[in-house]
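Shown next, in structure tokens, is the structure this report addresses.
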Amino acid sequence: MNFSKGDCKSKMVHGMVMLLFIYSTCLVLVQRVEAADPDPLVDFSANATTPVFRNIFANGDVSIGSGGVRAALDIGKFPGLTSQGLTVVQFKMVPCGENVPHTHPRATELLSLISGGPLQAGFVDTKGQAHIHILYPGDLIVFPRGLLHFELNVGTETAFYLSALNSQNPGTLDAAGAVLQLPERAAAIAFNQDIATVGALKSQRPYNEPPTLEAAKHGVCVPGQLISTTV
């Protein structure tokens, strides 16, 4: 069988296209793998002396706000978490306290209410649809990775709950605080407000770092009332 120069050129072009396709596919797969925490290379970190952490509210990364107490663990506080792709946070939230709207750019969160509350909790998806629910002790809710979410204690008892996140470094981005870090003109357009109003908000609302629980101002929330997904 004889091949013309045109046939050879066509086969070479086809081969180059196939190689480019294979390379692109491999690149996408590598990027998707690198987007998550890497798999552990050892059973247990050599830097960890024990798999047990005692009294997170005394020895963890604790922040105390007007809305309650937040206690977190990371590999600095608890080396046993190293390379496990996991972060744990526990909360004691007073009535009308809120974990203000925020995102975790590197992790999905699973929250479980242990006692007290109830909690109003939910997230907004990328279509702008809000998924708001009332949680009672024993209930769980998932906050998908990177989506804006919050928790508010709408009950009359302190809410004790915990969250597990599937990254040892999930990151926390305070939504309102982040917008107010933008130039005032940009923030004013985002909020559909004038620049003076945004300037006043900036002076009243610093970026929430470290993350703390905040209490509602008087009249905004009444413990045990309006336990609803719409208010």
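Miscellaneous remarks
- Ordered by solvent-accessible area of protein heavy atoms (1.4 Å probe), largest first, the residues Lys202, Lys77 come out as Lys77, Lys202.
- Heavy-atom accessible area for Ser203, with the other protein chains in place and a 1.4 Å probe, reaches approximately 90 Å².
- One chain, two ends: Gln129 and Ala164. Fully extended at 0.36 nm per residue, the span grows by 10.2 nm beyond their Cα-Cα distance.
- Remark: the Val62-Tyr207 segment gains 50.4 nm on full extension, using 0.36 nm per residue and subtracting the alpha carbon distance.
- Of His218, His102, His131, the residue with the largest accessible area leads and the full order is His218, His131, His102 (1.4 Å probe).
- Close amide H pairs (under 5 Å, H built 1.01 Å from N) link Glu157 with Gly117, residues at least 5 positions away or on another chain.
- Accessible-area value, Arg205, 1.4 Å probe, nucleic acids and ligands omitted, Å²: 70 Å²
- For the stretch 65-91 versus the stretch 209-231, the gap between their alpha-carbon centres in whole angstrom: 24 Å
- Thr126 - accessible surface, heavy atoms, 1.4 Å probe, Å² rounded to 10: 130 Å²
- Size of electric dipole in the stretch 104-231: Cβ of Lys, Arg +1 and of Asp, Glu -1, about Cα centre, debye, nearest 20: 240 debye
- Shape of the stretch 76-173, Cα gyration tensor, a/c cut at 1.5: oblate
The values are calculated or read from the model by the stated rules, or taken from the named source; none is laboratory data. Source: prediction; values computed, not measured. As a convention, Cβ positions derive from the backbone with ideal geometry for all residues, glycine included, and neighbour counts pool all protein chains shown. Surface areas here come from the heavy atoms of the whole protein model, side chains and all, with no ligands, DNA or RNA. Shrake-Rupley method; radii C 1.70, N 1.55, O 1.52, S 1.80 Å.
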